[in-house]
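Below is one structure, written out as structure tokens, with a few remarks after it.
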Amino acid sequence: MWTDWEKKAKPDAKIPSHLLWDVDLKKFDWEAGKSLVVERVIERGDDQDFYTIFRMYGGVDGVREIAKNIKQFTYPQDISFVCMVFDLKKEELECYKQPSGATRLSSQDFREMVKYDNEIFATAPI
């Protein structure tokens with residue numbers, strides 16, 4: 001699909017700020033935040049945004065690896081899109097391996113959460 005991305009990528013292109021509306025771009029670490037950048041481009045980007053992340057993160061193969069490790073996509077169709085364009089099976093995606101929105105709790109965290117909930121619900125309303 002993107003075999004000619006290197007010809008189409010503009011060397012001075014940047015990721016539009018509207019894709020990263022919730023971060024301070026002056027302080028943003030583009031390497032540490034690459035999962036967020038790739039996620040937002042997959043969800044809301046245009047062709048030039050894809051060419052830009054290919055240039056930034058190691059081409060199509062580099063972005064494929066980042067996409068595989070994204071923990072959660074906003075829309076289910078984004079999972080289908082990633083599988084189609086990067087020739088992946090859904091079972092290869094980290095977001096598919098874990099329940100949507102689930103937080104893995106340790107046994108101790110779970111016990112404390114239950115204890116806290118029991119204390120709240122044991123209190124009679126005024």
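No lab work stands behind these numbers, since they all come straight from the coordinates. These numbers come from a predicted model, not from an experiment. Neighbour counts run over all protein chains shown; Cβ positions are idealised from the backbone, glycine included.
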- request: May I ask you to order 56-63, 83-90, 33-40 by the average number of other C-beta atoms within 10 Å around their residues, highest value first?
  value: 33-40, 56-63, 83-90
message: Please compute the modelled spin-label separation between Met1 and Ala32, points set 7 Å along Cα→Cβ, answer in nm with one decimal.
response: 3.1
query: Tell me, how many Å apart are the Cα centres for segment 40-56 and for segment 58-81?
result: 11
- line: The FRET efficiency for Asp24 and Val85, from their Cβ-Cβ distance with R0 = 41 Å and rounded to 0.05, is 0.85
statement: Proxy exposure order for Thr52, Thr3, Thr74 (fewest C-beta within 10 Å first) is Thr3, Thr74, Thr52
query: Tyr75 versus Asp12, label points 7 Å from Cα toward the beta carbon: distance in nm?
result: 3.2
Within segment 1-53, chymotrypsin sites (Phe, Trp or Tyr not before Pro) in DSSP loop having at most 16 other beta-carbon neighbours inside 10 Å: Trp2, Trp21, Phe28, Trp30
query: From the square roots a ≥ b ≥ c of the eigenvalues of the alpha-carbon gyration tensor of segment 5-100, which class results: rounded (a/c under 1.5), prolate (a/b over b/c), or oblate?
result: oblate
